[in-house]
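Novice: Quick one: the structure is below, and I'll ask about it shortly.
Bear in mind that the values in this text are calculations on the coordinates, not laboratory data. Predicted model, so just to flag it, every value in this text is computed and none were measured. Backbone-built Cβ (ideal geometry, glycine too); neighbour counts: all protein chains shown.
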């Protein structure tokens, strides 16, 4: 599956993000047309396995992670721990993953969500060619959603399943 | 009203806790996994169970099956991102009373509470 034959359009992702951001965070988003990639400080990810194998990646900035967590927990930003932010971003990614999964071949299941820190694992994930992606701004922060497909055990030019995506980092 | 919330995400537990408080639910008991949900349910008396589907260890589906084996009547609402038809069928066959798809609003949660437990929170 590629960007050309994916069942997920940019409009699908925009609609999912709009709905999730407004109902969960009460925040508006602005589609970002620039080609520059969001400079994520960590990656939230959830795996999809079954009729479709791959995952959903949410690339947030540190400032957005702090803001979103404060809103979701109803607590001041100064009180937040890294664990709070990991859980909140994981849940945000999980909710997006559920919506995205419903657009993909079924039946399939979601993994537990997790956070991949900016390590070699993250670089491997970011090197995967997305089958769909959506860049947007929220409160001035650049964010990005990517949907990637993993094809296990095929030719070297297709991605083998990687622990960073399949492992549990929650 | 006494509500058991089974949800592994501390963030979602916080969201549910605050939403239930807004709806004047008298007591909310929270657990972070399926095993604890079943043990807690056995020890207490609950008017409603809200359970996530995807949790470490026993899943929400396991929770529904095991609670149904000991209580055929308590309303159990699955709070989940799983909206695929085959998963909904699995949940219904396991004995779930209703579904609440994430992200949800307080109004949607309120509708479910009123439908299954009545307006006296």
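Novice: When Cβ neighbours within 10 Å are restricted to other protein chains, what is their mean count per residue of peptide B:97-103?
Specialist: 4
Novice: Averaged across orientations, what area in nm² does the convex hull of the alpha carbons in segment A:100-150 project?
Specialist: 4.7 nm²
Novice: Sticking with this one: How crowded by other chains is A:97-103, given as the mean number of beta carbons from other chains within 10 Å of each beta carbon?
Specialist: Per-residue shielding by partner chains comes out at 4.
Novice: A further question follows. Compute log10 of I(q)/I(0) for the protein assembly as shown with the Debye formula, placing one identical point scatterer on every Cα and leaving out solvent, at q = 0.09, 0.10 Å⁻¹, to two decimals.
Specialist: Ignoring solvent entirely, the Cα scatterers give -0.43, -0.53.
Novice: Right, next: So what is the calculated 222 nm ellipticity per residue for the protein assembly as shown, using -39500 (n - 2.57) for each DSSP H run with n of 4 or more, over all residues, to the nearest 500 deg cm²/dmol?
Specialist: For the protein assembly as shown, the value works out to -11500 deg cm²/dmol.
Novice: Once you have all Cα-Cα distances for chain B, histogram them in 5 Å bins from zero and send the whole-percent values.
Specialist: 2, 12, 25, 27, 22, 10, 1
Novice: Going by average Cβ neighbours within 10 Å, how do the peptides A:72-79, A:60-67, B:77-84 rank, with the highest at the top?
Specialist: B:77-84, A:60-67, A:72-79
Novice: Mind jotting down the distance between the C-alpha centroids of segment B:51-121 and segment B:13-35, whole Å?
Specialist: Between the Cα centres of segment B:13-35 and segment B:51-121 lies a distance of 14 Å.
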